[in-house]
1. Among all residue pairs at least 6 apart or on different chains, which show Cβ distances below 7 Å where the first residue, located in segment 194-209, is over 29 Å from Thr156 (Cα atoms) and the second is open to solvent by 60 Å² or more (accessible area, probe 1.4 Å) and not acidic (Asp, Glu)?
2. Cβ-Cβ under 9 Å, sequence separation 6+ or interchain: first residue in segment 128-153 and within 11 Å of Leu55 (Cα to Cα), partner open to solvent by 20 Å² or more (accessible area, probe 1.4 Å) and acidic (Asp, Glu). Which pairs?
3. Is at least one residue of segment 86-95 under 30 Å from Asp196 (Cα atoms), open to solvent by less than 50 Å² (accessible area, probe 1.4 Å) and assigned to a helix (DSSP H, G or I)?
4. Looking only at residues in segment 118-136 that are crowded, with 17+ Cβ neighbours inside 10 Å and modelled with pLDDT under 90, which one is farthest from Phe37 (Cα to Cα)?
5. Restricting segment 57-84 to residues that are surrounded by 14 or more Cβ atoms within 10 Å (Cβ to Cβ) and under 24 Å from Gly138 (Cα atoms), which is farthest from the chain's Cα centre (by Cα)?
6. Filter segment 171-192 for residues that are open to solvent by 50 Å² or more (accessible area, probe 1.4 Å) and more than 21 Å from the chain's Cα centre (by Cα) and give the result.
7. So which residues in segment 193-225 are outside any helix (DSSP H, G or I), exposed (fewer than 13 other Cβ atoms within 10 Å of the Cβ) and modelled with pLDDT of 85 or more, if there are any at all?
8. All but one of (1) surrounded by 15 or more Cβ atoms within 10 Å (Cβ to Cβ); (2) of a type in the set (Gly, Ala, Ser); (3) under 26 Å from Arg187 (Cα atoms) hold for Gly154; which doesn't?
Amino acid sequence: MSFLYNIAPNLEPLQGELLKCTKQTFQMLFISGTISFVLGLILGVLLIVTKKGGLLQNAVVYKFLDKAIDIIRSIPFIILMVLLIPISRAIVGTGSGVTGSYVALIGGTVPFFARQIEAVLADVDYGLIEASEAMGFGPREIIFSVYLKESIPGITRITMITFVSLIGITAIAGAIGAGGLGDFAIRYGHQMGYRDMIWVTVAIILLIITVFQGIGNIIIKKTTH
């Protein structure tokens, strides 16, 4: 540890706060990331099956989801976070802090991820879909056994991309009061002028991304055929 203290002299007195903020970042990533993954996957599937020629073609549902996703994606995250404060208060009881950031983080991640899921599922060989229908598979079986199963490598890739994006917006959320590493970097690295703390924060974020991408690459290798 003495080596780290030599290159980052402010780390020793601030390590307790750094650990607290790192934990907050992991909390935001895990909770909002898990919910965003599930919701984004569901919306992406709905987009692909309700579009024209889809398994459950429904123009009304598709157009509504398509337009809603485009509108939300066009709003800068920092503005979206402010707009969602009343909804956050209604759902989780607060519009600030780590807990108050969940709704905004989910709202900023789900539309992007859903659109990526739609693109990945659209690449599934339509011949497999037709063959499954000919074998008597219902829409539910085709979604799980063909669309999702065949798209695991692609879904993993876009999950990795979305995860990196989510880390970025957690930092933005931290800069406006949500806590986490973004808040730590702003308070100590920028406002108090401890430049070494900015580099420590960047190093931690890079480590998180590297570990997650390593896991993702293993999944891709195991599922690509």
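1. Here the result reads Asp196/Pro9, each pair linking segment 194-209 to a residue that is open to solvent by 60 Å² or more (accessible area, probe 1.4 Å) and not acidic (Asp, Glu).
2. Correct list of pairs: Ile142/Glu133.
3. no
4. Ser132
5. Out of the qualifying residues, it is Asn58.
6. Once the filter is applied, which keeps residues that are open to solvent by 50 Å² or more (accessible area, probe 1.4 Å) and more than 21 Å from the chain's Cα centre (by Cα), segment 171-192 yields Ile186, Arg187, His190, Gln191, Met192.
7. Passing the criteria: none in range.
8. Result: Gly154 fails condition (3) only.
The values are calculated or read from the model by the stated rules, or taken from the named source; none is laboratory data. Note that the coordinates shown come from a computational prediction; the quantities given were computed from them, not determined experimentally. Positions of Cβ are backbone-derived with ideal geometry, glycine not excepted, and every protein chain shown enters the neighbour counts. The protein model used for the area step is the full one, side chains on, heavy atoms only, and it has no ligands, DNA or RNA in it. Shrake-Rupley method; radii C 1.70, N 1.55, O 1.52, S 1.80 Å.
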